[in-house]
1. List nothing, just return the count: lysine pairs in the chain, 8 or more apart or interchain, with Cα separation under 16 Å.
2. Dividing the Cα convex hull volume of the range 2-94 by residue count, how many Å³ per residue is that?
3. Would you calculate the separation in nanometres between label points at L172 and R75, each defined as 7 Å from the Cα along the Cα-to-beta-carbon direction?
4. Looking at the chain, send over the antiparallel percent of its DSSP beta bridges, to the nearest 5.
5. In percent, how large is the relative contact order of the range 42-83, given Cα pairs closer than 8 Å and 6 or more residues apart?
6. Over 10 Å intervals from 0, what percent of Cα-Cα pairs in the chain sits in each interval?
7. So, by mean Cβ neighbours within 10 angstrom, what's the order for 128-134, 96-102, 46-52 with the highest one leading?
8. Among V106, G39, I4, pick out the residue whose Cα is farthest towards the positive end of the charge dipole of the chain, where Lys and Arg carry +1 and Asp and Glu carry -1 on C-beta, about the Cα centre.
Amino acid sequence: MQVILDEQASRENIVDHLNALREIIQPQDRLLIYYSGHGYSDNERGYWIPVDAEHDHISSFVSNADILDIIKLIRARHILLISDSCFSGSHKDPSRYAFISGKGVVSDGNAGENSPFASGIIRHLQDNETDAINIVRLADQVTQEISFNYEQLAEISPLYGAGHKGGQYIFLKGKGKSGVQTK
């Protein structure tokens, strides 16, 4: 597992770590990419804002198009991109999904705590009483909770043009620290 936190989350590190996944991930693997941070939209494209971004210099941001281009090259069976920022079936068939906290401004929540979006994901994974939950069902639960309590609308959709073939990213109950594994 690769984790980039705080001052390590520079544009270069984000792009390099995503690109490194092309060499690490194998065709039978499942990949979860989770981004929690600031985002930006110029009304045509969305961007992640890395820690070293320069104000009003889009070239220092990480564009959604760049992320999608890298994801297209990763040879995993299933890929799930969860983006917690502003603007941001089958076990056999490949899947490529993005689950975002909202297209506009989203709630960061209380300082020092997870965002409402992240809290919802964690809570619904932990509270799930079945052995497995697919991303679409999880997203439905989280999206509903968020829309009832905050002025934002989380959204899930396949990543078009990235190799999605109708599969599902599945979270399985496990014995790890989080109690969740993926299938």
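1. So the count works out to 5.
2. About 105 Å³ per residue, rounded to a whole number.
3. In this crude label model, L172 to R75 measures out at 2.3 nm.
4. Antiparallel: roughly 55 percent of the beta bridges in the chain.
5. Reported as a whole number, the value is 32 percent.
6. 9, 36, 40, 13, 1
7. Result, highest mean Cβ count within 10 Å first: 96-102, 46-52, 128-134.
8. Ranked along the dipole, the leading option is I4.
Only the coordinates and a few stated rules stand behind these numbers; no lab work does. Every value quoted in this text rests on a predicted model; they were computed, and no experiment measured them. Here Cβ is always computed from backbone atoms with ideal geometry, including for glycine, and neighbour counts include all displayed protein chains.
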